[in-house]
1. Has the range 11-19 got any residue that is in contact with a helix residue (DSSP H, G or I) (Cβ under 6 Å, 6 or more places away or on another chain), over 16 Å from TYR131 (Cα atoms) and exposed (fewer than 12 other Cβ atoms within 10 Å of the Cβ)?
2. Could you give me the residue pairs with C-beta distances under 6 Å whose first residue belongs to the range 130-142 and is modelled with pLDDT of 90 or more, whose second residue is assigned to a helix (DSSP H, G or I) and among the hydrophobic types (A, V, I, L, M, F, W, C) wherever it lies, and which are 6+ apart or on separate chains?
3. May I ask you to list the residues in the range 20-41 that are surrounded by fewer than 18 Cβ atoms within 10 Å (Cβ to Cβ) and modelled with pLDDT of 85 or more?
4. Scanning the range 46-61 for residues that are in contact with a helix residue (DSSP H, G or I) (Cβ under 9 Å, 6 or more places away or on another chain) and at pLDDT 90 or above, which turns out farthest from LEU27 (Cα to Cα)?
5. Using beta carbons and a limit of 8 Å, which pairs, at least six apart or on different chains, have the first residue in the range 54-75 and closer than 25 Å to CYS124 by Cα and the second one part of a loop (DSSP other than H, G, I, E, B) and not basic (Lys, Arg)?
6. Any residue that is at pLDDT below 85, open to solvent by less than 60 Å² (accessible area, probe 1.4 Å), in contact with a Leu (Cβ under 9 Å, 6 or more places away or on another chain) and among the β-branched types (Val, Ile, Thr) - is there at least one of those in the range 75-83?
Amino acid sequence: MPGHSCEEEFDAVYREWYPRLLAKASLVCGAQRALASDAVQEAFAQCWRRMNAPDAAPVRNWGSWLATTVLHEAINLRRRHSDTAPLDDFERPGRNPDPAELMDVKEGFLQVCTEIAALPARQCEVMALSYLAGLATAEIADTLQIEPSTVRKHRSDARKKLEPLAVELKRSGLLSGEGGEHQ
């Protein structure tokens, strides 16, 4: 942004995107809210480094860039901590809750998060990359190192499992479009 420092630009991007990115990461991480928060924070750390890298190519759309980065981080964290029990409900002495973490989340949103997080790992990953990051089938296949036909199969299977929630998914705005490329 001309006339703005990197710090001002970063602050504006953070304020605009943090709540939405936390919601997207929560879909991937399910009940492990700390993992979702970690994914978002890591994405913003990468954003800061990118904004301050003199030789880095400019990012035209920070929202898309951050969404893709957050989802990659959330997927990786979920894989690494798949056998970890969530500790989010334990008291943390001396820690005041962050207002962004205290988002007013409707019961329907929580149900959707729970159902998506309960999907088999590959189906959850495909849904997140397809609908939340908006990646095309070929990009998802490259990211997950699987065949495009396998991506389509995982997407189809996940959509069948989530069919009872179709109205809630659309109402909550989580799957507002068709997302990604559905060949």
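1. no
2. Here the result reads THR137/VAL151; ALA141/VAL151, each pair linking the range 130-142 to a residue that is assigned to a helix (DSSP H, G or I) and among the hydrophobic types (A, V, I, L, M, F, W, C).
3. If the condition is that a residue be surrounded by fewer than 18 Cβ atoms within 10 Å (Cβ to Cβ) and modelled with pLDDT of 85 or more, then ALA34, ASP38, GLN41 are the ones that fit.
4. ASN52
5. SER64/ALA133; SER64/GLY134; TRP65/VAL59; ALA67/ALA133; ALA67/GLY134; THR68/ALA133; THR68/LEU135; LEU71/ALA133
6. Yes; the residues of the range 75-83 include at least one that is at pLDDT below 85, open to solvent by less than 60 Å² (accessible area, probe 1.4 Å), in contact with a Leu (Cβ under 9 Å, 6 or more places away or on another chain) and among the β-branched types (Val, Ile, Thr).
The values are calculated or read from the model by the stated rules, or taken from the named source; none is laboratory data. Because the structure is predicted, anything quoted here is derived from the model rather than measured. Reconstructed Cβ throughout: ideal geometry from the backbone, glycine too, with neighbour counts over all protein chains shown. Only protein heavy atoms, including side chains, enter the accessible area calculation; ligands, DNA and RNA are left aside. Shrake-Rupley method; radii C 1.70, N 1.55, O 1.52, S 1.80 Å.
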